[in-house]
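Novice: Supplied in structure tokens, the structure appears directly below.
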Amino acid sequence: MISVFKEVHQPSVEIWGIKILEPITSLTDIMVSCVCFYAAYRIYREFHSLSKKDKYLHTLYILSVMYFLLMALATLLGGILGHAFLYLYGFRQKLFGWIISMASVVMLERYVIFSLR
């Protein structure tokens, strides 16, 4: 049987004596994390003067900032612990990124549910 799928191996990179596994994946995760931190900062800066009397908008603001902050943290931990330094920390350390990303998805779900009221 001919297999269409081939196992792809990403090369590791060594910088100043530090071995980095999956450098492209790690770099992509760090870039996504930076974008999420920036989005959280922009939302916070845009709506920090929002009147707390409008509880609807204030709740949406809090949920959106929490989503982006948690997603930024999850992708940063995933890129560093789960990809770049997997050989040091082991497979179990990927759980930190996965669990935090699940919490961020919960914030997004709450945002959508709350906005549909």
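What follows is calculated from the coordinates using simple rules that are stated; it is not laboratory data. In this text, all values refer to a predicted model and were calculated from it rather than measured experimentally. FYI the Cβ positions are ideal-geometry reconstructions off the backbone, even for glycines, and counts take in every protein chain you see.
Novice: Compute the FRET efficiency between Glu46 and Arg110 as 1/(1 + (r/R0)^6), taking r as their Cβ-Cβ distance and R0 = 22 Å, and round to the nearest 0.05. Numbers along the way, then the final one.
Specialist: Numbers: r = 20 Å, r/R0 = 0.90.
Taking R0 as 22 Å, the efficiency between Glu46 and Arg110 is 0.65.
Novice: Against the longest principal axis of the chain, how steep is helix 94-115, in degrees 0 to 90 to the nearest 10, with axes from Cα atoms?
Specialist: 30 degrees
Novice: In degrees, nearest 10, range 0 to 90: what is the angle between the Cα axis of helix 55-79 and the longest Cα principal axis of the chain?
Specialist: 10 degrees
Novice: Name the residues whose placed amide hydrogens come within less than 5 Å of the amide hydrogen of Ile20, ignoring near sequence neighbours (fewer than 5 apart) on the same chain.
Specialist: Correct list: Val13, Glu14, Ile15.
Novice: Right, here's the next one. Once you keep just the Cα pairs under 8 angstrom separated by 6 or more residues, what percentage relative contact order results for the chain? Spell out each step's value before the answer.
Specialist: Numbers: 130 pairs, mean separation 32.3, N = 117.
Reported relative contact order: 28 percent.
Novice: Helix 23-47 against the longest principal axis of the chain: what's the angle in degrees, Cα atoms only, rounded to the nearest 10?
Specialist: Roughly 10 degrees, rounded to the nearest 10.
Novice: Could you give the semi-axes, largest first, of the ellipsoid that matches the chain, computed as the square roots of 5 times the alpha carbon gyration tensor eigenvalues and rounded to whole Å?
Specialist: 36, 17, 12
Novice: If you place +1 on the Cβ of every Lys and Arg and -1 on the Cβ of every Asp and Glu, how big does the dipole about the Cα centre of the chain come out, in debye to the nearest 20? Could you put the intermediate results ahead of the total?
Specialist: On the way: 11 positive and 7 negative charges, 104 e Å.
Dipole about the Cα centre, nearest 20: 500 debye.
Novice: Next question, about the same structure. Please work out the FRET efficiency for the pair His9 and Tyr89, using the Cβ-Cβ distance as r and a Förster radius of 25 Å; give the result to the nearest 0.05. Intermediate values should be presented prior to the final figure.
Specialist: Working: r = 20 Å, r/R0 = 0.80.
Working from the Cβ atoms, E equals 0.80.
Novice: For an R0 of 25 angstrom, estimate the FRET efficiency from the Cβ-Cβ distance between Met102 and Thr28 and round to the nearest 0.05. The partial results should precede the final answer.
Specialist: On the way: r = 20 Å, r/R0 = 0.80.
My answer for the efficiency is 0.80.
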